[in-house]
1. Is at least one residue of region 15-22 outside any loop (DSSP other than H, G, I, E, B) and either within 12 Å of ARG71 (Cα to Cα) or touching a Lys or Arg at 6+ places or on another chain (Cβ under 9 Å) (or both)?
2. Quick one: would you say VAL24 is more than 9 Å from the chain's Cα centre (by Cα) and either of a type in the set (Val, Ile, Thr) or farther than 20 Å from LEU55 by Cα (or both)?
3. Going by the structure shown, is ALA78 over 12 Å from the mean Cα position of the chain (by Cα), of a type in the set (Gly, Ala, Ser), within 20 Å of MET1 (Cα to Cα) and modelled with pLDDT under 95?
4. Within region 44-57, can one find any residue that is closer than 15 Å to THR3 by Cα, out of contact with any helix residue (DSSP H, G or I) (no Cβ under 9 Å at 6 or more places or on another chain) and of a type in the set (Phe, Trp, Tyr)?
5. Please state which of the following conditions HIS5 fails to meet, knowing it meets all the rest: (1) out of contact with any helix residue (DSSP H, G or I) (no Cβ under 7 Å at 6 or more places or on another chain); (2) surrounded by 15 or more Cβ atoms within 10 Å (Cβ to Cβ).
6. Within region 41-59, track down each residue that is over 12 Å from the mean Cα position of the chain (by Cα) and of a type outside the set (Lys, Arg).
7. If you take the residues of region 24-61 that are assigned to a helix (DSSP H, G or I) and touching a His at 6+ places or on another chain (Cβ under 8 Å), which of them is surrounded by the fewest Cβ atoms within 10 Å (Cβ to Cβ)?
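The values are calculated or read from the model by the stated rules, or taken from the named source; none is laboratory data. Quick caveat, the model's predicted, so the values are computed rather than measured. We place every Cβ from the backbone using ideal geometry, glycine too, and count neighbours over all the protein chains shown.
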Amino acid sequence: MKTIHEYRGFVFTIEFVAKDPAWVVDFPDLPEIITSGSDLDEAFHNACEALDLYLEVKAKFNEPVVQPKRRIQIVETAG
């Protein structure tokens, strides 16, 4: 199972893997952010916290942050 989320304009995925930790987070635009969780809620919380910390450190050291390249799009389909 894989879920797609967006936080502060950055898209990330949370994917279930059959090993510990069970839920792995991936920020395609920010590969330097690595986090996970033992369940989906924890993985989501850790992803948001990791992104907040990443952005805080970049701001503290006046380093540029890449602009998000990916966006979530909602597409209506006939059903």
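1. Filtering region 15-22 for residues outside any loop (DSSP other than H, G, I, E, B) gives 15-16.
Add one more test, that the residue is either within 12 Å of ARG71 (Cα to Cα) or touching a Lys or Arg at 6+ places or on another chain (Cβ under 9 Å) (or both), and what stays is 15-16.
Looking through region 15-22, at least one residue is outside any loop (DSSP other than H, G, I, E, B) and either within 12 Å of ARG71 (Cα to Cα) or touching a Lys or Arg at 6+ places or on another chain (Cβ under 9 Å) (or both).
2. Numbers: more than 9 Å from the chain's Cα centre (by Cα): yes; either of a type in the set (Val, Ile, Thr) or farther than 20 Å from LEU55 by Cα (or both): yes.
Here the answer is yes, as VAL24 does meet what is asked.
3. Working: over 12 Å from the mean Cα position of the chain (by Cα): yes; of a type in the set (Gly, Ala, Ser): yes; within 20 Å of MET1 (Cα to Cα): no; modelled with pLDDT under 95: yes.
Against the criterion (over 12 Å from the mean Cα position of the chain (by Cα), of a type in the set (Gly, Ala, Ser), within 20 Å of MET1 (Cα to Cα) and modelled with pLDDT under 95), ALA78 does not qualify.
4. yes
5. (1)
6. Hits for region 41-59 are ASP41, GLU42, LEU53, LEU55, GLU56, VAL57, ALA59.
7. Here the answer is PHE44.
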